[in-house]
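Please treat every number below as a calculation from the coordinates, not as lab data. All values derive from a computational prediction rather than experimental measurement. A quick note on method: Cβ atoms are made from the backbone with ideal geometry, for glycine too, and the neighbour counts reach across all protein chains shown.
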Amino acid sequence: MDFTVVKGMQSEIFVPITPPPVWAPVTKPLKDMVVAIATAAGVHHKDDKRFNLAGDFSFRIIKDTMPSAELMVSHGGYDNSDVNKDINCMFPIDRLHELAKDGVIKAVAPVHIGFMGGGGNQEKFKNETGPAIAKILKDEGVDAVILTAG
């Protein structure tokens, strides 16, 4: 059996080699930033189409006007039961609103993004899904993004 080797670790299943992150320079104080959340936890509005649990490169726009009680998770890579009881454990939208109210950040972005992480085709995400998400957030005037995993 062939093994995928990643920095001295081995796995009997294919594990994509994830490139190092690309960091954008911080250009203004946090108190002057509009902040969004992008999550690989499979978060979406309860009325949205669920993610395909076998692999899905789509994303869902989560409008900031959606109450957190109307959000849910459909993701096949982890136990969703706790996050579906309190969405804030993976998608801390209510906490983000508290930071804006307290003046820690300028404002909460008008949109956030939910997608289903968990490996798969890294090139497709890097070249298609990721740039589409980045464009939406940039077009909405977002200065910073909180990323959460699934």
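Key figures for this structure:
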item	result
Solution diffusion estimate, µm²/s, Stokes-Einstein, region 92-150, Kirkwood Rh from C-alpha pairs, 20 °C, viscosity 1.002 mPa s	165 µm²/s
Among the listed pairs LYS49/LYS135; LYS46/LYS85; LYS28/LYS124; LYS63/LYS101; LYS85/LYS126, those beyond 20 Å (Cα-Cα)	LYS49/LYS135; LYS28/LYS124; LYS85/LYS126
Cα gyration tensor, region 13-150 - rounded (a/c under 1.5), prolate or oblate	oblate
Under 5 Å, built H, 5+ apart or other chain: amide partners of ALA109	VAL35, ALA36
Label point distance in nm, ARG50-VAL22, each placed 7 Å from Cα along Cα→Cβ	3.5 nm
Residues listed by number, region 91-123, amide nitrogen under 17 Å from ASP139 label point at 7 Å toward C-beta	109-114
